[in-house]
1. How many residues are exposed (fewer than 10 other Cβ atoms within 10 Å of the Cβ) and under 22 Å from L277 (Cα atoms) when one looks only at region 25-48?
2. Please list, ordered by first then second residue, the pairs with beta carbon atoms under 8 Å, 6 or more apart or interchain, first in region 12-36 and hydroxyl-bearing (S, T, Y), second assigned to a loop (DSSP other than H, G, I, E, B).
3. Among the residues of region 132-144, write down those that are closer than 16 Å to S122 by Cβ and free of Cβ contacts under 8 Å to residues at least 40 places away in the same chain.
4. Going through region 181-206 one residue at a time, which ones are under 20 Å from the mean Cα position of the chain (by Cα) and in a helix (DSSP H, G or I)?
5. Which members of region 190-215 meet the condition of being surrounded by fewer than 19 Cβ atoms within 10 Å (Cβ to Cβ) and aliphatic (A, V, I, L, M)?
6. Could you please tell me which pairs satisfy a Cβ distance under 6 Å, a separation of 6+ or placement on different chains, a first residue in region 154-171 that is at positive phi, and a second residue that is surrounded by fewer than 20 Cβ atoms within 10 Å (Cβ to Cβ)?
7. Between residues in region 233-249 that are touching a residue at least 24 places away in the same chain (Cβ under 8 Å) and more than 18 Å from L53 (Cβ to Cβ) and residues that are surrounded by 16 or more Cβ atoms within 10 Å (Cβ to Cβ) and of a type in the set (V, I, T), which pairs lie under 6 Å by C-beta distance while being six or more apart or on different chains?
8. Does region 43-52 include one or more residues that are without any contact (Cβ under 8 Å) to a residue 40 or more places away in the chain and in contact with a Lys or Arg (Cβ under 9 Å, 6 or more places away or on another chain)?
Amino acid sequence: MLYAPINPSDINMIEGTYPVLPSLPAVAGNEGVGQIVAVGGNVKNVKLNDFVLPSKPGFGTWRNYAVVSSKSVSALNHPAVNTVKPEYLAALSVNPLTALRLLEDFEQLNKGDVVIQNGANSMVGQCVLQLAKLKGVKTINIIREDRPGYEQLVERMKQHGGYIVCGDKYLRTAQFRELVRDLPQPKLALNCTGGETVTEMSRLLAPGGTLVTYGGMARRPVTVPTSALLFKDIKLRGFWLTAWNEQHPDKRAQSLEHLLSLVAEEKLRLWIERHSLSSLSLALARTEEPFKDRKVLLALQQ
């Protein structure tokens, strides 16, 4: 094993609150990249030196080595795989894949359309704004105002594709309404936090638009005005990547190849910070800190 991110689902699995739980004793970690150092005589789907990703959750990526069935991993066979840093390969299969599916699977988005999202400084959010820009889709990106480095973060997100980046309190002002007055109403709203921003996003949605919840980082409920349901007939949906992966194994492989190409071509950037496995306690504490805009990654060979 080379690198493994620490995702909220990993923490939930350790806590015993995730819908998919491994049999104990178990190694933690669902996402990461490994490199094949030995194969059995009948193994056909991978070969020596291949970079591989876990095929299913519960793999146990937070370790130095793993001896597993070849069916539990899938090789990255894209021609550009050797041009991308393994750190980025490790972080492809959860956050960027979630961002891609959110943009592809719920609304037909065309050039000039608008998407609004909260938690936009998360890795999913930063991937959404970059992928949307590649499609010619404008994004309204909501982040918390009471964070250190707010202005610098706003500027960076704009540089990488965020059409509008604003604070959660600004969302509820007349100035914000004036700012978005000339834009089409958003077809799609993406929620990973819950709370008051969801209420405001639902009010902004176009008639028949879709609000997708894919996380609940603020641990607050999703509250939608009755008028948005009654008079605009907006749709409320949920997205769980684990279930999507099980239902679409072929599309998962195609999506990962597409994302790998974008990273190799420097059209999709991932922001990460590395910690050694021996510093796991520090890495876990860092993961739980608020206001992060980088994915915490375990370096498993250091």
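1. The number of residues fulfilling the criteria is 2.
2. Taking only residues 6 or more apart or on different chains, not a single pair turns up.
3. Passing the criteria: A132, T139, N141, I143.
4. Once the filter is applied, which keeps residues that are under 20 Å from the mean Cα position of the chain (by Cα) and in a helix (DSSP H, G or I), region 181-206 yields T197, V198, M201.
5. Scanning region 190-215 gives a single hit, A206.
6. Here the result reads G161/K133, each pair linking region 154-171 to a residue that is surrounded by fewer than 20 Cβ atoms within 10 Å (Cβ to Cβ).
7. Final answer for the pair search is K235/T210; R237/T210; R237/V212; G238/T213; F239/V212.
8. yes
The values are calculated or read from the model by the stated rules, or taken from the named source; none is laboratory data. Note that the coordinates shown come from a computational prediction; the quantities given were computed from them, not determined experimentally. When we count neighbours, we look across all protein chains shown, and the Cβ atoms used for this are built from the backbone with ideal geometry, even at glycine.
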